[in-house]
1. Residues of the stretch 41-88 being modelled with pLDDT under 80, exposed (fewer than 11 other Cβ atoms within 10 Å of the Cβ) and part of a loop (DSSP other than H, G, I, E, B), which ones?
2. How many residues does the stretch 89-113 contain that are small (Gly, Ala, Ser) and surrounded by 15 or more Cβ atoms within 10 Å (Cβ to Cβ)?
3. Step by step: first the residues of the stretch 31-40, then only those that are within 11 Å of LEU108 (Cα to Cα) and touching a Cys at 6+ places or on another chain (Cβ under 8 Å), then the one that is modelled with the lowest pLDDT. Which residue is that?
4. For the stretch 22-40, what are the residues that are touching a residue at least 60 places away in the same chain (Cβ under 8 Å) and in a loop (DSSP other than H, G, I, E, B)?
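The values are calculated or read from the model by the stated rules, or taken from the named source; none is laboratory data. Remember, it's a predicted structure, so these values are computed and weren't measured experimentally. Note that we place each Cβ from the backbone using ideal geometry, even for glycine, and neighbour counts take in every protein chain shown.
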Amino acid sequence: MVERRRLSFVDGFWSFVVGGVVIASALLALDPITRPEDCLNTAGNASAFDNPVWDGYLVLAVIVWFSAVVVELGVLATLRRRRAVDIALRATCVLTLTILISCECLGLLLVCH
């Protein structure tokens, strides 16, 4: 007889949490400029990071993170035996938080532009 694994509260949130920690750690390590007054180019055409390549990497990281969250929610909806209300509530919460945090992260790219 196959034993069923108990449903966990964090099912559907793993990629959100892990991706968020990775992006937050990267931003803490890279220490981007957060105020327009601190920009190197006052004309408004500089990067918030010491290396401008990180502008593209941050966008890529956010896209990968968002995609992983969506895929995990899809897997949760199809493979786990949860009620539709639970899945919809989890999806709404995690997608809303991901979008809000992503907009805040990508807002760093506009500080010096």
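1. Result: ASN41, THR42, ALA43, ASN45, ARG81, ARG83.
2. So the count comes out to 2.
3. Looking at residues that are within 11 Å of LEU108 (Cα to Cα) and touching a Cys at 6+ places or on another chain (Cβ under 8 Å), I get PRO36.
4. PRO32, ILE33, THR34, ARG35, CYS39, LEU40
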